[in-house]
Amino acid sequence: MKVTIQSKTGIAEFEADGSSNLLYEGLKRGLGLPYECATGTCGTCRARVMDGNVSLAWDDAPGLAYVKRAKNEVLLCQAHVHGDCVVRVPAKVEPLPEAALPADFTGRIDAVRRLTHDVIHFEVQLDRAMSFAAGQFAALSCEDVTGARAYSMVNHANSTDRLAFVVKRKLGGKFSDWLFETDVNGRTLKLLGPLGRATFRPEEGKNFVCIAGGSGVAGMMAIAQHATRNGYLDTHTGHIFFGVRTMEDCFYTAEFADQVKKAKGNLEVTIALSNEEPPQPTHPDHPEINLASGFVHEVAARQMAGRYDNMVGFVAGPPPMVDGALRMLIMEARLPAEFIRYDKFG
Amino acid sequence: MSWKKVCKATDVAPNTLKKFWIDGGIPIVIANYGSGFAAIPPMCPHMEEPLEISGVISNCVLTCTKHLWAWNLATLEQHGTETEKDIKSYQCKEENGDILALVEEEIVYEFDDEDDMDDDSFFAKS
């Protein structure tokens, strides 16, 4: 099936095999179609079907609020083709670098563990190695739940057949219900990855500040792992602010403490508690980790004041936290847009 | 076309934005960027975010915090790497402590019928 994409950078064509949606089919073939969440939420991959038969996989995708259905608009991440088609994309569509192309993987879940009452960690053994950058995510789907979900990799290696993920339970979230209520050890997942542009790029030579809430810390852990592994933090500094409600909601403290030790003084990790005062200034079990009271972006603003030299910022978490952190990075850190990285899922 | 009073200069603190309605219904956002004022339609040209809420001003630059589109308010030029559309504005001046805007009719972005997506000639080029 021939897919013709009309874009602001001209016309591109690819041959689709109908195995997945138009976004994934295009990305896999090296076409840099616009996207952020890749899973039906954000509306970034809005497109108009000019010719051909295209159906939507998930008719209730929240991102469809951004499309004009009367004008035959769709979300590429939900659009399946049934024959040749012509689709108009209101964005620049450049070829993707060969090394970064996402691909389909199959994986088996193992090492499932509950980290807190509403946070779960699991790992996936892939059928082959994936290369990805710290901060990237994959779209995961299982047989029992309709639609794919985007989760950032918690771990990082240049190429690995093991991925780690962390998921916070979301009320009514079908995928998180499945993870929390089923024995998912040994279950099969389909994955498309790597995805996402909010990546750690060591070649930029920047100090970094990460502000994360809840399971948004996944990508920050991957960044910490990458930065401590290759001596990056011998010559740069990293600052990670991790927001949770109470001490009982903390997780990955041992893992972060380990990264702090490896960084020999150039990585600071602070857990911000929004709903209680910390018992002491450092974590009782892991004194390498600082504790503070307040919303995570406010804690970060207090501690980072005057220390934004040569900085790149990473943000992930629930929408109000992301908004607060972005304001802080623009207004106080005065970082330009290209050095503020977050997945624009909202 | 005529100059309409929108608000007092002191109504909008430096580096903030505030929404007003003039002529019984035209919404207009006044942005105080420190060295001057800008009068703009209330929504981001990207995805219609309400700029009086989503916008922040630092160093003369208005940034929509939703997706980091940004513009220099003094020159109205696009700013940064994310921005893809120009911001529109009303002519604006400060007179005797009042902020006035030159308003003929409401400025709106062409999200609907005159959408980019409708421009066949644009998309035909390869």
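Details
- Distance between the C-alpha centres of the range A:183-253 and the range A:96-112: 17 Å, rounded to the whole angstrom.
- Cross-link partners of B:Lys88 among lysines, defined as those whose alpha carbon lies under 29 angstrom from its own and excluding same-chain residues fewer than eight positions apart: A:Lys8, A:Lys68, A:Lys71, A:Lys92, A:Lys344, B:Lys4, B:Lys5, B:Lys8, B:Lys18, B:Lys19, B:Lys66, B:Lys125.
- Expected 222 nm ellipticity per residue - DSSP helices of 4 or more, -39500 (n - 2.57), all of the protein assembly as shown, to 500: -4000 deg cm²/dmol
- Three-way shape label, the range A:227-294, alpha-carbon gyration tensor, a/c 1.5: prolate
- Whether the protein assembly as shown is rounded, prolate or oblate, judged on the alpha carbon gyration tensor where a/c under 1.5 counts as rounded: oblate
- Peptide B:19-29 is shielded by partner chain Cβ atoms: per residue, an average of 0 of them sit within 10 Å of its Cβ.
- By the Cβ distance rule of under 4.7 Å, chain A has these cysteines without a partner: A:Cys45, A:Cys77, A:Cys85, A:Cys142, A:Cys210, A:Cys250.
- If you take all other residues with their beta carbon under 12 Å from the beta carbon of A:Arg307, and give Lys and Arg +1 and Asp and Glu -1, the sum is -2.
- Theoretical FRET efficiency, 1/(1+(r/R0)^6), r = Cβ-Cβ of A:Lys8 and A:Tyr66, R0 25 Å, to 0.05: 0.90
- Of A:Asp127, A:Asp177, A:Asp285, the one that fluctuates the most in a GNM where chain A has Cα springs shorter than 10 Å: A:Asp285
- Modelled this way, with points 7 Å down the Cα-to-C-beta line, the labels at A:Asp161 and A:Ala99 are 2.3 nm from one another.
- Annotation: amide H of A:Leu115 within the under-5 Å range of A:Ile120, A:His121, sequence separation 5 or more or interchain, hydrogens built in the peptide plane.
- FRET E, pair A:Ala111, A:Glu248, Förster distance 30 Å, beta-carbon r, rounded to 0.05: 0.85
- Candidates A:Thr39, A:Thr199, A:Thr246: whichever shows maximal mean-square fluctuation once chain A is modelled as a Gaussian network with Cα springs under 10 Å: A:Thr246
- Other residues whose C-beta falls under 12 angstrom from the C-beta of A:Phe256 contribute a net charge of -3, scoring Lys and Arg +1 and Asp and Glu -1.
- Mean partner shielding of peptide A:318-325, defined as the number of other chain Cβ atoms within 10 Å of each residue Cβ, is 1.
- Extension gain, A:Leu171 to A:Asp258: 0.36 nm times the residue separation minus the Cα-Cα distance gives 28.1 nm.
- GNM on chain A, alpha-carbon springs under 10 angstrom: the most fluctuating residue among A:Pro102, A:Pro62, A:Pro278 is A:Pro62.
- Net charge over other residues, Cβ less than 10 angstrom from the Cβ of A:Leu195 (K, R count +1; D, E count -1): -1
- The alpha carbon centroids of the range A:310-346 and the range B:37-61 are separated by 17 Å.
- Residue-averaged beta-carbon neighbours from other chains (10 angstrom radius) around A:327-333: 4
- What the Cβ-Cβ distance of B:Lys93 and B:Asp119 gives, at R0 = 41 Å and to the nearest 0.05, is a FRET efficiency of 0.75.
Coordinate-derived values only; no laboratory data. Just so it is clear, the model here is predicted, and its values are computed rather than measured. In this analysis, Cβ positions are derived from the backbone assuming ideal geometry, glycine residues included, and neighbour counts consider all displayed protein chains.
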